[in-house]
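What follows draws every value from the coordinates through simple rules; no lab data is involved. As the structure is a prediction and not an experimental result, all values here were calculated from the model. Using ideal geometry, Cβ is built from the backbone for each residue, glycine included, and neighbour counts are taken over all protein chains shown.
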Amino acid sequence: MAETINMPKLGFDMAEGTLVRWVKQVGENINKGDVLAEIETDKATVEVESPASGVVLQLIVNQGDVVPVNAPIAVVGVAGEKVDAASQKSSKVESQRSADEKPLPAKPEPAPVSQTVSAPSDGAIKASPLAKRIARDNNVNLSQLQGTGPGGRVTRKDVESALTSSQTSKVSSLQSPISSPVVISHDDEVVQLTKLRQAIARRMTESKTSVPHFYVSHEYNMGAVMAMRKQVNEYLPDDQKLSVNDFIIKAVALALREFPNLNATFAGDKVVRHGAVNVGIAVAVTGGLLTVVNKNTDQLPLRQISADVKQKVFRARDGKVKPDDIEGSTFSISNLGMYDVENFIAIVNPPEAAILAVGSAREVPVVESGELKVGWRMKATVSVDHRVSDGAEAAQFMQSLAKYLETPALMLV
């Protein structure tokens, strides 16, 4: 029997997505789990996998269409099976090819990035949302680019190619014996918010105004973790070495098993304690943040957690995640340790009940048994929804986290 595939909802506040490219065409065989299409959300380009095996019977929307979540986009079934096209077509699908779009001028190759335009206007240019966001963040004039997408649409790769060309030109000019005068502008610059930054602003404002936060900080002795990490990494190839963050992720997952109230969601007159511990890791991407999710973290060994997180972080920064990469987190970690940050606090990521903000692990003077020594210390702060939990429980959670970080052998048994 034919199965209709809908536009997936990727994230708490996603309302629609742009279908960028069909990977499979009508009449082609497809297996469950194969990539059917690529869609763009406010945050990234995402590969949509087929939930069924069979033959692609119908593609309901066109490349470039903006599609509401849960609206049908394709039908997969048995070869020769009849499909009622009229009943499948969604009336909510809006074509991105609006009448006011102007055709791009034909040029033999991409033009270099214009560095003289501080806030280019690209509203009438055929370009994907992600391409527009990268262009705005880097002051790229989209009207000067030749799109390689459907119908001359400018894609992310076109913008990145232009940026690379611009950087090459800059290097050449630096090597030139003739120097140009530097023009310094003191004019105000107005930067249009990207869709990702708008989504972050909307969600964080909602979180801080509707969720009663409280915070608990703790300082951890990281000497044992640093020693174990060094010892383990001596036996691992470079691409599989463990990071300090891998140990933190595992320790958090095990501590959450002891405090299920923090692995929860507030739901009006009740609290939903999640059966699975799915740890979200905040990742810095172009123009904002994206949270990738490691599923069933408490049940996975450290090496598997490390490999899974590395792959998902790479896809997130490449702007091409899978739906499973960013869905289903039950608790989040924001780690700024790599930026030499001593400590900070994070905003709860709705609908989760808590988030852990992690600073740098650093060697500092410490007093042990009345003697001054040098030791590894790391500060962390948990932000908690006061509707779900209280200070004592959060403090006990931080103590439990210390148990695993200061005796890391417990993470291996």
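Once R0 is set to 30 Å, what does the formula 1/(1 + (r/R0)^6) return for the Cβ-Cβ distance between K241 and A284, expressed as a FRET efficiency to the nearest 0.05? After rounding, the FRET efficiency stands at 0.90. For the pair region 265-294 and region 308-349, the centres of their Cα atoms are 10 angstrom apart. The phi-based Karplus calculation (6.51 cos²θ - 1.76 cosθ + 1.60; θ = phi - 60°) puts the 3J(HN,Hα) values of region 349-358 at 9, x, x, 5, 9, 7, 8, 10, 9, 10 Hz, whole numbers, x for Gly and Pro. At full extension, M338 and N233 could sit 36.0 nm farther apart than now, given 0.36 nm per residue minus the alpha carbon distance.
Loop-located GluC sites (Glu not before Pro) across region 192-292 with a Cβ neighbour count of 14 or fewer within 10 Å are E234, with loop assigned by DSSP.
Across region 223-260, the residues whose backbone nitrogen lies under 20 Å from the label position 7 Å along the beta-carbon direction of E363 are 223-234, 243-245. With a simple spin-label model that places each label point 7 Å from the Cα along the Cα-to-Cβ direction, the separation between T148 and H213 comes to 4.2 nm.
Shape class of region 212-411 from the Cα gyration tensor (axes a ≥ b ≥ c, square roots of the eigenvalues): oblate, since a/c reaches 1.5 or more and a/b does not exceed b/c.
Spin-label pair V78-D269: with each label point 7 Å from Cα along the Cα-Cβ axis, the two points sit 4.8 nm from one another.
Computed from label points 7 Å out along Cα-Cβ, the spacing between H386 and D188 is 3.7 nm.
Based on Cα contacts under 8 Å between residues 6+ apart, region 363-411 shows a relative contact order of 20 percent.
Ranked by how many other Cβ atoms sit within 10 Å of their own Cβ, fewest first, the residues K82, K241, K208, K126 fall in the order K82, K208, K241, K126.
Can you tell me the FRET efficiency between E406 and K295 if r is taken as the Cβ-Cβ distance and R0 is 25 Å, rounded to the nearest 0.05? The value I calculate is 0.40. Potential lengthening of the chain between V69 and E206 amounts to 47.2 nm, from the contour at 0.36 nm per residue minus the alpha-carbon distance. The Rg/Rh ratio for region 208-290, using Cα coordinates for both the radius of gyration and the Kirkwood hydrodynamic radius, is 1.05. The ranking of D238, D340, D324 from fewest to most other beta carbons within 10 Å of each one's beta carbon is D238, D340, D324. Footprinting exposure proxy ranking of K250, K9, K230, fewest other C-beta atoms within 10 angstrom first, gives K230, K9, K250.
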